[in-house]
Amino acid sequence: MNSEANSTILWSPSNETLANSAMYRFKTWLEQQGHGPFSDYHSLHAWSVAELDVFWGKIWDYCGLQCETPAETTLGERTMPGTEWFPGMRLNFAANLLRFANGAFAAQEAIVAYCETRPVLRKTYGELKADVGALESFLRNQGIGLGDRVAGVVANGYEAMVGMLATTSLGAVWSSASPDFGVGAICDRFEQIQPSALIVVNGYGYGGKIFYRQSDFAELIARLSTLRTVISVQQLPGKPPVPGEMVTTWEDAIAFGVGQTPSFVPLPPDHPVYILFSSGTTGRPKCIVHGNAGLLVNHAKELMLHGDVGPSDRFLYFTTCGWMMWNWQASALMTGAAVITVDGSPGYPRLDSLWQTVSQEQVTHFGISARFIAACRKEGLKPAESFDQSRLRTVFSTGSPLLPEDFDWMYRRGAPNALLGSIAGGTDICGCFVGSTPMLPVHRGEIQCRMLGVDAVAFGEDGQPVSAGRGELVCLQPLPSMPIGFWNDSDDSLYRKAYFDSFPNVWAHGDFIEFTNNEGAIIHGRSDATLNPGGVRIGTAEIYRQVETVEAIKDSLVVGRQIDGDVEVVLFVEPTRGQQVTEELRQHLKGRIRDGASPRHVPRHIIEVADIPYTRSGKKIELAVARLINGSSKVDNRDALSNPQALDSIAEAWTKYCERSS
């Protein structure tokens, strides 16, 4: 894919759209203060990275973010890692997300929650704030305080929002996982952060099926030895809560604190608010810690300026609580928009059901995965003809690169009048490096722009910017939402290794990217071995932990096969002596992976091989195998392998498998 082949303009902002956008008003506001002038978005971006500290201070002021004690300066220490943002400031994250929950605006809708197992739930900003205060009171009564971790195994709905806001209001740290994860996968995450409180559903619905999790989550409670209290959410109404002596129902927890208001404890700018998790490719997932002020100001920029989300808008991003887009979605509350949450299958009861919800709820900003857009295209859906889209202004897409053909479908059949905002970043920054803006046209197959304040370039292997073509996505200057560190990494050695080993003092993100002649971007995939089916990043180690404890399996290797803009999980297995990989064993492995990790980890293909390739230092050769099954015969250095013949064995097995399947 080259930039010239995808230069067709599919959407351009009208003069009215441009003039009414928050980003254009921000540009004008800056010019009135003596900055600029800015001829276009790109000149504004150039200023934002040239005057980094001034820019982020102006974002804080323009977006109206709140603090109890102002910062001494915007940017103290600039070295990466270890950048010091807003030194001296005291603020509360939840207070900013609930800043509209006062006065007359408190009667406006804050959250509309859809799921497969309960009726639609509608809550105002005033009701949300009241429940946050009540839950915070209960948590405090249970001994939860500053710096404690509150974990949620929760559906994408109202209770998750209340839990996070109550947690961050009192100064504790929120971390969440999706309820379809197996107990082992959840423990791999939460055992590391030692939570004091757990909010957990009794089950969930997906694709028209009900999944009871009471006994599974009772086991989870037993394994999390640091817990002091557990709250069971009735995601399955009328069914038993999760059992246990320390369990309180959600209703009783809220009733305990009725009438109490959130405390909104003022905290330092680098106080942790979230712990997110890496995919777990090389072992247990890394615990990525995000700080108070940095995450807030970056989300304000992304949502209010790039996303153009404001108080009259209605925002729906289809996500789970195990993905960073849930945290991004939650920050939309700071804009005063109504947040519409949807839990369950995006294709249930029909593939166009989400589009119907967009119409019914008069959604202005709709976020989905690239895979969902591709599925709509393949199914021949025509939502633009079937549903009212009169208020829909923006469709966000993320999770994996969006094919040019899916841009075409969106502007022919999907949402022809909306800005198609393809965005890309990651859990690592809980935000975006490249994304959308209402100030630029949408070019076929391209992400519109580098985000303001993001000094992103493509590096070659020599550590210098490439003049053309693909390179490693790097960030040359600090970004406020870069992690404050990893949990249990006191000397930052793991943090430095993850992002700063490749190029000294430069953030290397792990994506291959191309910046086009339009100053847009094309993501060409991950530059590491992380799998990304359906836009959900998953780690190979989580699959190995399920497969290699099966008696019939000696060894295994898992890679991703690129196909139709998505990724299929391919699992190669070496059986123990005397065993064969039968259909019965394949189904057993799939079931084990589904139950122990999640449905998204289940491989599409399971293939028997005679041997698994390793480096001489004992590491599996995932990248070489991934290149092999994706059409490349090149292996960078076979001499680095302890058993290079194993690659030949895999190539032969894959060829035969494809011939049988064709």
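The values are calculated or read from the model by the stated rules, or taken from the named source; none is laboratory data. Remember, it's a predicted structure, so these values are computed and weren't measured experimentally. We place every Cβ from the backbone using ideal geometry, glycine too, and count neighbours over all the protein chains shown. Remember, those area values only see protein heavy atoms, side chains included, never the ligands or the DNA or RNA. Shrake-Rupley method; radii C 1.70, N 1.55, O 1.52, S 1.80 Å.
Could we say that ALA106 is free of Cβ contacts under 8 Å to residues at least 40 places away in the same chain, among the hydrophobic types (A, V, I, L, M, F, W, C), outside any loop (DSSP other than H, G, I, E, B) and within 24 Å of PHE315 (Cβ to Cβ) here?
So ALA106 fits the description; yes.
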Matching residues, the stretch 139-180, being out of contact with any Leu (no Cβ under 6 Å at 6 or more places or on another chain), open to solvent by less than 10 Å² (accessible area, probe 1.4 Å) and part of a helix (DSSP H, G or I): LEU139, ALA160, MET161, GLY163, MET164, LEU165, THR167, THR168, SER169, LEU170
Matching entry among SER556, SER617, SER632 (being among the polar types (S, T, N, Q), open to solvent by less than 50 Å² (accessible area, probe 1.4 Å) and either at pLDDT below 85 or in a loop (DSSP other than H, G, I, E, B) (or both)): SER632
ILE429 outside any loop (DSSP other than H, G, I, E, B), over 22 Å from ASN15 (Cα atoms) and touching a Ser or Thr at 6+ places or on another chain (Cβ under 7 Å): no
Filter result (part of a loop (DSSP other than H, G, I, E, B), farther than 15 Å from GLN645 by Cα and open to solvent by less than 70 Å² (accessible area, probe 1.4 Å)) within the stretch 600-614: VAL602, PRO603
Single condition MET80 does not satisfy, out of (1) in contact with a His (Cβ under 8 Å, 6 or more places away or on another chain); (2) of a type outside the set (Val, Ile, Thr); (3) surrounded by 17 or more Cβ atoms within 10 Å (Cβ to Cβ): (1)
Exclusive hit being at negative phi and part of a loop (DSSP other than H, G, I, E, B), set LEU420, LEU402: LEU402
Count of residues meeting criterion [charged (D, E, K, R) and out of contact with any His (no Cβ under 9 Å at 6 or more places or on another chain)] in the stretch 28-52: 2
Residue under evaluation SER39, criteria (1) part of a loop (DSSP other than H, G, I, E, B); (2) under 29 Å from the mean Cα position of the chain (by Cα), criterion not met: (2)
Residue in the stretch 282-300 that is of a type in the set (S, T, N, Q), open to solvent by 30 Å² or more (accessible area, probe 1.4 Å) and modelled with pLDDT under 95 present: yes
Residue within the stretch 324-333 that is open to solvent by 40 Å² or more (accessible area, probe 1.4 Å), within 30 Å of GLY126 (Cα to Cα), of a type in the set (A, V, I, L, M, F, W, C) and at pLDDT below 95 present: no
Among (1) surrounded by fewer than 19 Cβ atoms within 10 Å (Cβ to Cβ); (2) over 30 Å from LEU146 (Cβ atoms); (3) not β-branched (Val, Ile, Thr) - the single one ALA106 does not satisfy: (2)
Inter-residue pairs, beta-carbon under 8 Å, first farther than 23 Å from SER390 by Cβ and in the stretch 343-362, second among the aliphatic types (A, V, I, L, M), 6+ apart: ASP343/ALA113; ASP343/ALA155; GLY347/ALA375
Condition broken by LEU10, with the remaining ones in (1) over 25 Å from GLY291 (Cβ atoms); (2) part of a helix (DSSP H, G or I); (3) open to solvent by 40 Å² or more (accessible area, probe 1.4 Å) satisfied: (2)
Complete set of residues in the stretch 559-599 that are touching a residue at least 40 places away in the same chain (Cβ under 8 Å), open to solvent by less than 50 Å² (accessible area, probe 1.4 Å) and over 30 Å from GLU405 (Cβ atoms): PHE572, LEU589, ILE593, GLY596, ALA597
Conditions (1) touching an Asp or Glu at 6+ places or on another chain (Cβ under 8 Å); (2) open to solvent by 10 Å² or more (accessible area, probe 1.4 Å); (3) over 18 Å from PHE315 (Cβ atoms): number failed by CYS376: (2)
Members of the stretch 635-647 that are modelled with pLDDT under 85, open to solvent by 80 Å² or more (accessible area, probe 1.4 Å) and either more than 35 Å from the chain's Cα centre (by Cα) or under 24 Å from THR582 (Cβ atoms) (or both): ARG638, ASP639
Residue within the stretch 648-661 that is modelled with pLDDT of 90 or more, outside any loop (DSSP other than H, G, I, E, B) and crowded, with 20+ Cβ neighbours inside 10 Å present: yes
Candidate set from the stretch 465-506 (those that are in contact with a Cys (Cβ under 9 Å, 6 or more places away or on another chain) and open to solvent by 30 Å² or more (accessible area, probe 1.4 Å)); member that is nearest to LEU52 (Cα to Cα): TRP487
